[in-house]
Structures are given as structure tokens and as C-alpha cells.
Amino acid sequence: MTDVVQVSKVRCFDGWQYVFKHPSETVGCEMTFGVYIPDHKQNDEKLPTLFYLSGLTCTHANFIEKSGFQRFASKHRFIVVNPDTSPRNVNIPGEDDSWDFGSGAGFYVNATAEPWSKHYRMYSYVVEELPQVAAKVAPIDNHKMGIFGHSMGGHGALVIGLRNPQLFKSISAFSPISNPTSCAWGIKALTGYLGEDKSKWADYDASLLLAKYDGPERHILADQGAEDDFLKQDQLRPEALKSTSKVQVEVRMQPEHGHSYYFISTFIEDHFTHFAKQINH
Ligand SMILES: N[C@@H](CCC(=O)N[C@@H](CSC=O)C(=O)NCC(=O)O)C(=O)O
């Protein structure tokens, strides 16, 4: 028996877009996530799987409804799993007061500061619980998993991918918050969730993790819109993502593009091609 409940199922590009919900042990509330499953042989065939992390203010729905990813997931026969961006309705005073902190803004950290530490554990949710829960409803090949995301979710994908290279064989991002210890969004979130001691923040900063990464070689693809207002406000700082001997970081500055899902949908195909290359090379 499974405690995962199907919320919806829609036919899309030779596959099915599902939404599920389940009671999460990790974050202590009900969590909703999307799963796209392309048509495949029914007999025990496991499929490569991409996990997508969304940005500030998003639920599971933004990516499903706006990115057009299903066409390419179907073409490559990849499963795609995408969670919500935070716990919700957990009765923390002020949880719904900001668009860049609390609900819709979990920042993919395990909070240690009160009153957030009991529920705001999105790092462990994505790394430990979500792959297991999703595997109850989809034929995930857990040797061929990758992670990508947008903005706050791009930060989450970079951090989680770099810290868990055995789990996630591919990493890519759209307009990631690349250096959260040095931008306003990141400083607000890390102070609130982890406390004032900045030495505790480094494990959640991709640019700092890159400098000390010593795992298997990686090629990270990051697309960035050159006209993105958040880039101009210095929230994203892609220049902080430096290649190392172990990690080639390819930041593609895309002229005339902004931060929105119009930008994501324009380049989404390349992130599926990137994943295909990383798991097959
Ligand atoms: N406060 C604004 C801006 C919110 C916004 O732009 N969110 C982005 C992610 S920003 C970094 O994580 C987003 O993906 N929005 C969802 C969408 O569908 O575009 C606002 O509330 O509009």
C-alpha cells in the first residue's frame, strides 16, 4: 500500500502528466509534486529521471503548465519529478508574509533556526524522501537521475547536485541564485533559516561548493537571460560560478531574454539534451 494519492492525470505528448500528494515525514506536512511519465514498455522498464526545482513563489504547477518540458521528456523518454518549493500551512507565525521567505521560498535548505527547523527541511526532502516517494508511482532508474531548476530552484539544483554526485549524475540550471551568501535574497533566507553565523551558510552556496568539490567530473550547464531584472539587481551572480579541474561550468548568456518561463521554455530542450549526454557519456 502507498500513502501517495493521485490528484490529477492529464494526457500530454505521448505520456501522462500526473500530480500527487503525500504526507511528508521530512517536512511534517502534506506535499504536492508533479510526475511526468512518457509512454514506455510496461514490463519493469526503468527510465532516467530528472528532478526539477522551481523558484520563489512557485508551486509544483508553474513548471508543469508553463515550460513545455513534456515534449522533450517524451522525446527522450525521461521521467520528470517536480516538487513544491516549501512546506505550507504549518502554522508558523509569518509563514505567508513574504514572497521571498517562508511559504513558496524554502530555499532547499535544512533550517536550523527557530521557528523554521521542524518543517523547513527541503534539502532532505529533495535528496532523501522525494526520490523514494516518486519511485512508488513511477519507474525511476535511480542510477540515472539528474537535477535542474530555476532561480531559487537553480540554486537548489546546483547545491544538491554538487553535494550528492552519486545520486544526481547531471546538473543544470536556469538563472540560478549562484552565490546566495552575497545577494539580498540569499542573505535574508540563510539568516532566517540558519541563523546569523555565516560559517553555517557555505554548504548552501554553489559558488563556494564548487571551489571545494572533489567528486566525479561534472559539466554544469547554466542559462542566464541577459535582460533579467534580477541579474541586474545582483541577486543571481552567475560570474561567481567558476570552473575547476573537476567541474566545467558553462554559463550561456542569452541576449534579450528575461527571468520568466518564456525564457525557460525557449531553452528547455537543451537541458534535456544535456541530461542525455551526461548519463550516456
Ligand atoms: N515577487 C514577484 C516575482 C516572483 C518571481 O519572479 N518568481 C520567479 C522565480 S524568482 C527566483 O526564484 C518565478 O518563477 N515565478 C513564477 C512564474 O510562473 O513566473 C511576483 O510575485 O511576481
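FYI, it's all coordinate maths here, none of it is from the lab. All values derive from a computational prediction rather than experimental measurement. As a convention, Cβ positions derive from the backbone with ideal geometry for all residues, glycine included, and neighbour counts pool all protein chains shown.
So how many residues does segment 180-216 have that are free of Cβ contacts under 8 Å to residues at least 24 places away in the same chain and not in a helix (DSSP H, G or I)?
Residues meeting the conditions: 3.
Can you report the number of residues in segment 217-237 which are within 18 Å of the chain's Cα centre (by Cα) and in a helix (DSSP H, G or I)?
Looking only at that region, the number is 0.
Of the conditions (1) more than 14 Å from the ligand (Cβ to nearest atom); (2) crowded, with 17+ Cβ neighbours inside 10 Å; (3) in a loop (DSSP other than H, G, I, E, B), CYS58 fails just one. Which one is it?
(1)
Please enumerate the residues belonging to segment 92-116 that are among the small types (Gly, Ala, Ser) and surrounded by 15 or more Cβ atoms within 10 Å (Cβ to Cβ).
Across segment 92-116, the qualifying residues are SER98, GLY102, SER103, GLY104, ALA105, GLY106, ALA111, ALA113.
Output the number of the condition that TYR262 fails; it satisfies all remaining conditions of (1) outside any helix (DSSP H, G or I); (2) free of Cβ contacts under 8 Å to residues at least 12 places away in the same chain; (3) not charged (D, E, K, R).
Tallying (1) outside any helix (DSSP H, G or I); (2) free of Cβ contacts under 8 Å to residues at least 12 places away in the same chain; (3) not charged (D, E, K, R), TYR262 fails exactly one: (1).
Here are some residues: ASN142, ASN82. Which one is out of contact with any strand residue (DSSP E or B) (no Cβ under 6 Å at 6 or more places or on another chain) and assigned to a strand (DSSP E or B)?
Only one candidate qualifies: ASN142.
Looking at this structure, is HIS155 without any contact (Cβ under 8 Å) to a residue 60 or more places away in the chain, closer than 19 Å to VAL10 by Cα, within 16 Å of the ligand (Cβ to nearest atom) and in contact with a Gly (Cβ under 8 Å, 6 or more places away or on another chain)?
no
Does VAL127 count as touching a helix residue (DSSP H, G or I) at 6+ places or on another chain (Cβ under 9 Å), more than 16 Å from the ligand (Cβ to nearest atom) and either part of a helix (DSSP H, G or I) or without any contact (Cβ under 8 Å) to a residue 12 or more places away in the chain (or both)?
yes
Among the residues of segment 11-25, which ones are assigned to a strand (DSSP E or B) and closer than 17 Å to PHE72 by Cβ?
ARG11, GLY15, TRP16, GLN17
Within the group PHE13, PHE107, PHE101, PHE72, which residue is of a type in the set (A, V, I, L, M, F, W, C), away from the ligand (no atom under 16 Å from the Cβ), touching a helix residue (DSSP H, G or I) at 6+ places or on another chain (Cβ under 6 Å) and more than 24 Å from HIS143 (Cα to Cα)?
None of the other options fit; the residue is PHE13.
Scan PHE267, PHE272 and give me the residue that is of a type outside the set (A, V, I, L, M), touching a strand residue (DSSP E or B) at 6+ places or on another chain (Cβ under 7 Å) and more than 22 Å from GLY186 (Cα to Cα).
PHE267
Is it the case that segment 119-130 has a residue that's of a type outside the set (Phe, Trp, Tyr), in contact with a Phe, Trp or Tyr (Cβ under 7 Å, 6 or more places away or on another chain) and surrounded by fewer than 24 Cβ atoms within 10 Å (Cβ to Cβ)?
yes
Listed residues SER207, SER178; which is polar (S, T, N, Q), under 20 Å from the mean Cα position of the chain (by Cα) and within 14 Å of the ligand (Cβ to nearest atom)?
Going through SER207, SER178 in turn, the sole match is SER178.
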